[in-house]
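Inspection log for the structure reproduced underneath, given as structure tokens.
The values are calculated or read from the model by the stated rules, or taken from the named source; none is laboratory data. Just so it is clear, the model here is predicted, and its values are computed rather than measured. Backbone-built Cβ (ideal geometry, glycine too); neighbour counts: all protein chains shown.
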Amino acid sequence: MEITIPQTISQDSAARPDPSPEQAFDESALLGRRARVRPGWRDSGWLHGLIALAAVYLFIAAIEMMGGGLKIIATDPASRQHLDSIYAYTHNPFSALCIGILLTAIVQSSSFTTTFVVGLVAGGQISLANAIPVIMGANIGTSVTNLLVSLAHLRNRQEFRRSLAGAVVHDIFNVLTVLVVMPLELGFGILSRPAHAFADWLEGAAFFTTDPKKFNFVKMAIQPLGNAMKWLLRDVLNLSATWAGAVQSILSVLLLFVALYMLVKVLQGLLKERLAGLFSKTLFRNQGVSFFVGLFTTAAVQSSSVTTSLVVPLVGAGVLKVRQIFPYTLGANIGTTVTAILGALALAAIASGTTEAAMTAAAFALAVAFSHLLFNVYGTVVFWPLKFIPISLAQGYAKLAAERRILAAVYILVVFFIIPVGIIVLANWN
């Protein structure tokens, strides 16, 4: 059988001359350039990096403005009167603990609660013994921000399971620390006695007269956005302080979810593998480094809500693991006490050499601040070696909640609002 080859193919092949070496070089170079250009600017690493930085900026700004809006409501004269009356129920330690949880969960800031308590102790409105349980409750209440951040991953079950475990491990650690430390404080004064000793030793330290909040560079960075929000709500829309605070909080929640969506999308894309390697080799390469990163970052930012909730989407995206961020969380808990300590030392320096009443009030303020530090130090000493307990509990709960996602919302409502309100009512029932 004779096989015929189509004439068109042979003619086409014959018509195409072999390329010269120079032409082959130019063509290969052109193909290389096309290969480099083909991915496009949308897939470039630097663009993903810029989007990630913008998302982090919006994320931090949203948390700060959300807390700021709630603080505006809380510091309104009518609200302030209610706050002062609430602290009248701190005579019972369990009621005081729940007041700390409830107030901090509402205003999204343990710094606000601790600073407010320091002022009340300095003014003689509540005693140091009654203030310490409030500080413990503030530690629990501040972790609600992490849980709210984890809810942004609800649509993806695996991401939600990871992010919820990364969020709730902070809360579980604080609850376990309260269960260990509070009975020892009530029985033996393991917080109040050393705190008094430290306060007496450092009272009158005149070199701490500078307000530490002046060096909060994060707040400086987001201040333009906050000022724009304030101008829009107060000057343009002419809203009252309370309404402006409420609207600012709502808009901040929306901004928070937008920032989280941007951040998670970037992390799921080009940056995930790069960041996982970068964090594992640098910031989270071992437990000690992770701990000090959390401590110094939170001391600089002056907000544990910001620093701890910032790693939640990283855990959700699979960039970090719960065991990597646990020491970071412990460091953040200690770092957040720096602001209150420096503020109390500044108060002591100002009061030094004035009236006896002012110096006594400053000493009590120092004692409150140091009791907060000691509470977190005790928790770190106990549960860092036993880290498998909070981590296992967090992962177990997250696995359960990932199957029935309504449990996450139920947990927030029950732990941070329903139980505290119920205990406050029962403890003060006449």
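May I ask you to verify whether residue 106 is under 25 Å from residue 232 (Cα atoms) and modelled with pLDDT under 70? The answer is no for residue 106. Within the range 119-131, the set of residues being in contact with a Leu (Cβ under 8 Å, 6 or more places away or on another chain), touching a residue at least 40 places away in the same chain (Cβ under 8 Å) and either β-branched (Val, Ile, Thr) or at positive phi (or both) comprises just one member, 121. Here the helices (runs of 4 or more DSSP H) wholly within the range 133-203 that include at least 2 residues being among the aliphatic types (A, V, I, L, M) and under 25 Å from the mean Cα position of the chain (by Cα) are 144-150, 157-188. The condition of being modelled with pLDDT under 90 and among the basic types (Lys, Arg) holds for only one of 155, 162, that being 155. Highlighted here are the helices (runs of 4 or more DSSP H) found entirely within the range 210-327 that include at least 3 residues which are touching a Phe, Trp or Tyr at 6+ places or on another chain (Cβ under 9 Å) and at pLDDT below 75: 241-268.
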